[in-house]
Amino acid sequence: MKKSEMTWREMLAEAVGLVAAIVYLGLQVYYGFAYHVSVTKVLLNLIVMILVYAGFTMLGIYPERVNGLTKEVCTKRVRMYTIRMVRVAKLIFVGGLLVTSICDAMGKELPAFYTVAVLVLMVVTASYYEYRIIKLLRERYKK
């Protein structure tokens, strides 16, 4: 999404996501030094985070690629819902990693179901927005 098309809420959400990602990266480096984790493991964590974050960002810029739609079909509300879905999924992903990173840095262990809960939250969010998109497309092409 172009910056000129973004509202202040969307800009705030992007800023929060970016700050959370940067804090996560810093905490990973701290965790690596504090607990003598191998450099390879820390670098892999950082690279995976950066690649997934970049992937979500690219999907936010080209939302028609999320559902394999043409630019003519991915307009107005379909585009808006797709961008929101990607943005919320990105925030959940970064927030989930940030919480685990904070707990790691403090030396605390999260319950085993935490990762599954974050994954379920992402799937439920994506399902909700996909339902709305499919409903819009059916209404549009029903006529």
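Key figures
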read-out: Burial ranking of peptide ranges 45-58, 104-117, 84-97 (average Cβ count within 10 Å, highest at the top); value: 84-97, 45-58, 104-117
read-out: Lysine pairs meeting the criterion (Cα under 23 Å, 8 or more apart or interchain), as found in the chain; value: 17
read-out: The stretch 76-132 - convex hull of the alpha-carbon atoms, volume per residue in Å³; value: 44 Å³
read-out: Mean Cβ count within 10 Å, highest first, over the residues of peptides 129-138, 29-38; value: 129-138, 29-38
read-out: The chain - percent of accessible surface contributed by carbon and sulfur, probe 1.4 Å; value: 69 percent
read-out: Contact order relative to length of the stretch 13-126, as percent, for alpha carbon pairs under 8 angstrom and 6 or more apart; value: 35 percent
read-out: For the stretch 1-58, accessible area per residue (1.4 Å probe, heavy atoms of protein chains only), Å²; value: 70 Å²
read-out: q = 0.10, 0.16 Å⁻¹, the chain: log10 I(q)/I(0) [Debye, one scatterer per Cα]; value: -0.42, -0.90
read-out: Selection from H36, L97, M6, by position along the positive dipole direction of the chain (Cβ); value: M6
read-out: Nearest-20 debye value, the chain charge dipole, Cβ charges on Lys, Arg, Asp, Glu; value: 880 debye
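The values are calculated or read from the model by the stated rules, or taken from the named source; none is laboratory data. For clarity, every value in this text was computed on a predicted model and none was experimentally measured. We place every Cβ from the backbone using ideal geometry, glycine too, and count neighbours over all the protein chains shown. Each accessible area value is taken on the protein alone, full model and side chains, heavy atoms only, with ligands, DNA and RNA left out. Shrake-Rupley method; radii C 1.70, N 1.55, O 1.52, S 1.80 Å.
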